[in-house]
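The values are calculated or read from the model by the stated rules, or taken from the named source; none is laboratory data. In this text the structure is predicted, and so the values were computed from the model without any measurement. No Cβ is skipped: glycine too gets one built from the backbone with ideal geometry, and neighbour counts run over all protein chains shown. For accessibility, only protein heavy atoms count, side chains too; no ligands or nucleic acids. Shrake-Rupley method; radii C 1.70, N 1.55, O 1.52, S 1.80 Å.
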Amino acid sequence: MITTVVGNYPKIGTGTKTPNLRTAISRGDRGEMTPEQIQGVRAEVTAEVISDQIQAGIDLVTDGLIRWDDGQTYLARAISGFSFTGLIRYFDTNTYFRQPVVDGLLKWSAPITVADYEFAAANSSKPVKAVLTGPYTLARLSKDQKYHDQKKLVLDLAEVLNQEAKALQKAGATVIQFDEPAILKHKDEFPLFQEAMDRLTKGLKPTLALYTYFDDISGVYPAFLKLPFQIFGLDYVMGKANWDVVTEVPSDVSLGLGVVNARNTKMETEAEIGDAIKRIAPIVPSDRLYINPNCGLEFLPRETAYQKLVRMVEGAKKVAEVTA
Amino acid sequence: MSGLLTTSVGSFPKPPELQAARNKMLRGELGRDELEQMEREATAFWIKSQEELGIDILVDGEMDRGDMVTYFSELLDGFTISGLVRSYGNRYYRKPIAVGPIGRKNPMTLKTWEYAQSLTDKPVKGLLTGPYTIAEWSFNEYYSTFEEFVMEVAKVVHDEAMDLERAGAKYIQIDEPAASTRPEEMELVAKSMAVVTKGLSAYTLTHICYGDFEAVIDDLNSIPVDNLDMETANQDYSLLELFRGHKSDKHLSLGVTDVHTHEIESLEQVKAGIRKGLEIFTPEQLFIGPDCGLKTRTTDESIAKLKVMVQAVNEIKAEMGIS
C-alpha cells in the first residue's frame, strides 16, 4: 500500500518558515521584487511542501504544483498555439482560471515541467511523481478558435503532452500522472478519449497513472480500467457510486483510492479511512493500492491539508498493521 | 410610459484610507468606532455621488463589507473562519466553516441600510447574500447534507429581509452568484429563495453571474424574485439571447458596463446594449446597471462608467418618450 497525493498543495500557510508566496507575488506586481526573486520563493515553497508531505508520511510525493496557477494555464502558456481570455469557473468549484484559447496549431517546443521535476527530485528523499493535465481535459477547458474539429484538437494535444512526458522520462521520472477529470462529465466522448490515451502514452516507459475526480466512472467501466495505464485514480468521495460500479480491477493494474475529501475541512477519522481500505480489499489487494485524497489539496487551507494527510497515513498504517 | 430605472449591483470601491483603516483595526491599532465613522463617511460619499449622477435606485456601496459571504458568516452563529484558500491567480480569501447550527443574533445589515436611507429621498436597496451562495462558498463540517445547510441559512436570510422591509426598504436584493455552479441544483436555489422571499412585499431582485445559463434558463425564471440581475455586457449580450426564446414576466437588470476592465464603455456601446435589451423586454421590465459590483474598479473609473450609463439611459428615454 502506497500513500500519495493527487497533485497540488496549498501555496501559502500561516507560521511557515519560508517567505509567503502571495506577498512575494504582490511585491513583484509593484516592482519591488524581480521575477528571479519570485522564482526563488517558489523554489523555497516547493521544497517546503515536499518536506511537509514527507513529514506527514506520504510515500510518493509531488512538487505541490506550486508554480502552477491552475491545471490549464501553466501548461498552455508554454505550448505554441494558445492565447488566453477571461476568467471561468473550474468545474463546480469556487476557483477560476483564465481560459486558454486555441488560435494556432498546437506544438510542443521545449520542456515545460522538466526543471520542476528535477528540482523536486533533488529536494525529496521520497520518490516524486510528475503530474500533467491530460489532453482531453485541457482541450475541454479551452476555447477552440482554430481547429473546429474536437478530435484533431484532442489528438494534437495528446501528441504535445506525449512529448512533454518523454522529456520527463529522459529526465528520470519514474511515475507520470495525467489528470483527466473532464472525461467524467462527457462520457459520450469515451471513444475519442481512448484514442487520445493511446496517442498520449505511446512509447512511454515510466509507470503511468490516470487520475479522475469530481465524479464516478459509471458508464465507462470496465473499459476505463483497460486504458494503457498502470494506476487508475478514482474519486470515492464525490464519486461515491464508484463503490458499486467498480467490482473488479484488472490484475495487472493498481487503484488510486481517493478517500479523503480535499474539498471540505471536515476531518475524516482514522476509522473511516481504515474502513474504506478494508472495503476495497476484496477488489484490490493492498500491494496494488494507492491511498490518496480525492483530488488536489489546494481547495483547503495549508494546515488542514497537512492534518488530513497525517490522518490518512495513520488510518492506512493501522489497517496495514492489522492485515500484516 | 416609465421604465429603464437605473441602479447598481451593490459594491463600490472603498477609498484607500478606509482599506488601510480596516487593516489597522484588524491589527488592533484602530478602534471599531473610528472605523465605523470612516465607513459612514464613505457611504455618504457614494450616496451623494449616486444622487449627483441621477441614479434611480441607490445602494450603500458595501463600505463595511469585505467579502460578500464572509461578512455574513462573521455575524452569524454557527460559523467559524478558515485559513486562506486561493480562488484564482494571487487572490486568496478566508472561507467560512459551518461548525454548528446557523442562527442570527441580531440584524446584520439594518444599521448601514438605515443610515444610507437617511441620507436620501431616493430608495436604497437592501443587499443580502443568498443562502445557496453562503452555503456553497463555505466549508460544511456540521450539516449532514448540503441541502439541509442551504435551507437553514435560508431562514436567517429571510429574517434579515423581513427586518429590512419593516425598516422601510422598498427594494431587497438577494445575490446568488454561485447559483449557476451546478445546473442540477438550480431547483435548490429556487426552493431556498422561496423561503427567503416568503411573505415579503418589497420588490425583490437577485444577482447571478458566471456560468452556463443555457442549461438553466427555465429554472432561472422559476426563482421567486421580481427581477433577475445578470452580467450581460462582458459576454457581449449573448446572455440576452437566451431570454428571447423564453419569454418571462420577470424584470431584468441588464448589465451594461463590464466591471472587470479599466476601459470606460462608449456612450454608443452602452446605448446599443440597452437597445438589445429592449428588443426582448419592455422598458418597464428593464433595469439598467453595471454587470456586477464595482468594488474592483477605482472610484474615478466607477463614476465614469456610471456616468456613461446614466447618459445612455437618458438619451434612449428621450428618444422613446419615456419619462
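Out of region B:56-109, which residues are acidic (Asp, Glu) and within 25 Å of B:Glu147 (Cα to Cα)?
Across region B:56-109, the qualifying residues are B:Asp67, B:Glu74, B:Asp77.
Could you run through region A:13-25 and say how many residues are at the interface with chain B (Cβ under 9 Å from one of its Cβ atoms) and open to solvent by 10 Å² or more (accessible area, probe 1.4 Å)?
Selection size over region A:13-25: 4.
Of everything in region B:276-306, what is open to solvent by 10 Å² or more (accessible area, probe 1.4 Å), among the charged types (D, E, K, R), out of contact with any strand residue (DSSP E or B) (no Cβ under 9 Å at 6 or more places or on another chain) and assigned to a helix (DSSP H, G or I)? Give them in sequence order.
B:Glu279, B:Asp300, B:Glu301 - these are the residues of region B:276-306 that are open to solvent by 10 Å² or more (accessible area, probe 1.4 Å), among the charged types (D, E, K, R), out of contact with any strand residue (DSSP E or B) (no Cβ under 9 Å at 6 or more places or on another chain) and assigned to a helix (DSSP H, G or I).
Being under 30 Å from A:Ile280 (Cα atoms), part of a helix (DSSP H, G or I) and open to solvent by less than 50 Å² (accessible area, probe 1.4 Å) narrows it down to one of A:Ile38, A:Ile54, so name that one.
Unique residue meeting the criteria: A:Ile54.
Taking the condition away from chain A (no Cβ under 14 Å), touching a Leu at 6+ places or on another chain (Cβ under 9 Å) and open to solvent by less than 20 Å² (accessible area, probe 1.4 Å), does B:Met63 pass?
Criteria met by B:Met63.
From the list A:Glu321, A:Glu270, A:Glu314, which residue is over 22 Å from A:Gly239 (Cβ atoms) and without any contact (Cβ under 8 Å) to a residue 40 or more places away in the chain?
One residue alone meets the criteria, A:Glu321.
Exactly one condition in (1) open to solvent by less than 40 Å² (accessible area, probe 1.4 Å); (2) outside any helix (DSSP H, G or I); (3) farther than 14 Å from A:Val128 by Cα is false for A:Val45; which is it?
(2)
Which ones in region B:246-266 are among the β-branched types (Val, Ile, Thr), within 14 Å of another protein chain (Cβ to nearest Cβ) and buried (at least 18 other Cβ atoms within 10 Å of the Cβ)?
Across region B:246-266, the qualifying residue is only B:Val259.
Mind listing whichever residues of region B:66-98 are within 9 Å of chain A (Cβ to nearest Cβ) and hydrophobic (A, V, I, L, M, F, W, C)?
The answer is B:Leu84, B:Val85, B:Ile97.
Could you tell me whether any residue of region B:211-225 is surrounded by 16 or more Cβ atoms within 10 Å (Cβ to Cβ) and farther than 29 Å from A:Thr95 by Cα?
Scanning region B:211-225, I find no residue that is surrounded by 16 or more Cβ atoms within 10 Å (Cβ to Cβ) and farther than 29 Å from A:Thr95 by Cα, so the answer is no.
Can you find, within region A:26-35, the residue that is farthest from the other protein chains (Cβ to nearest Cβ) among those that are out of contact with any Lys or Arg (no Cβ under 9 Å at 6 or more places or on another chain), part of a loop (DSSP other than H, G, I, E, B) and not small (Gly, Ala, Ser)?
A:Thr34
Go through (1) in contact (Cβ under 8 Å) with a residue 24 or more places away in the chain; (2) more than 14 Å from chain A (Cβ to nearest Cβ); (3) of a type in the set (Asp, Glu) for B:Asp121 and report which single condition fails.
B:Asp121 satisfies all of (1) in contact (Cβ under 8 Å) with a residue 24 or more places away in the chain; (2) more than 14 Å from chain A (Cβ to nearest Cβ); (3) of a type in the set (Asp, Glu) except (1).
Any residue that is in a loop (DSSP other than H, G, I, E, B), within 14 Å of chain B (Cβ to nearest Cβ) and crowded, with 16+ Cβ neighbours inside 10 Å - is there at least one of those in region A:237-245?
Yes, there is a match, as at least one residue in region A:237-245 is in a loop (DSSP other than H, G, I, E, B), within 14 Å of chain B (Cβ to nearest Cβ) and crowded, with 16+ Cβ neighbours inside 10 Å.
Residues are listed down the side, and each one gets a yes or a no for (1) in contact (Cβ under 8 Å) with a residue 60 or more places away in the chain; (2) part of a helix (DSSP H, G or I); (3) within 14 Å of chain A (Cβ to nearest Cβ); (4) crowded, with 23+ Cβ neighbours inside 10 Å:
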| position | (1), (2), (3), (4) |
| --- | --- |
| B:Asn234 | no, yes, yes, no |
| B:Leu240 | no, yes, no, no |
| B:Glu268 | no, yes, no, no |
| B:Ile274 | yes, yes, no, no |
| B:Val308 | no, yes, no, no |
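Among what's in region A:57-86 and is assigned to a strand (DSSP E or B), farther than 30 Å from A:Val313 by Cα and of a type in the set (A, V, I, L, M, F, W, C), pick the residue that is nearest to the other protein chains (Cβ to nearest Cβ).
A:Phe84
Those residues that are out of contact with any His (no Cβ under 6 Å at 6 or more places or on another chain), open to solvent by 10 Å² or more (accessible area, probe 1.4 Å) and among the hydrophobic types (A, V, I, L, M, F, W, C), I need them from region B:158-201; list them, please.
B:Met162, B:Ala167, B:Leu188, B:Ala190, B:Ala194, B:Leu200, listed by residue number.
May I ask you to list the residues in region A:284-295 that are open to solvent by 40 Å² or more (accessible area, probe 1.4 Å) and either touching a helix residue (DSSP H, G or I) at 6+ places or on another chain (Cβ under 6 Å) or free of Cβ contacts under 8 Å to residues at least 40 places away in the same chain (or both)?
Listed by number, the residues that qualify are A:Pro285, A:Arg288.
Of everything in region A:87-114, what is within 11 Å of another protein chain (Cβ to nearest Cβ), open to solvent by less than 30 Å² (accessible area, probe 1.4 Å) and of a type outside the set (Ser, Thr, Tyr)? Give them in sequence order.
Scanning region A:87-114 gives A:Asp92, A:Asn94, A:Phe97.
If you take the residues of region A:296-319 that are open to solvent by less than 40 Å² (accessible area, probe 1.4 Å) and more than 14 Å from chain B (Cβ to nearest Cβ), which of them is nearest to B:Tyr93 (Cα to Cα)?
A:Leu309
What is the number of the single condition among (1) open to solvent by less than 10 Å² (accessible area, probe 1.4 Å); (2) in a loop (DSSP other than H, G, I, E, B); (3) not charged (D, E, K, R) that B:Trp46 does not meet?
(2)
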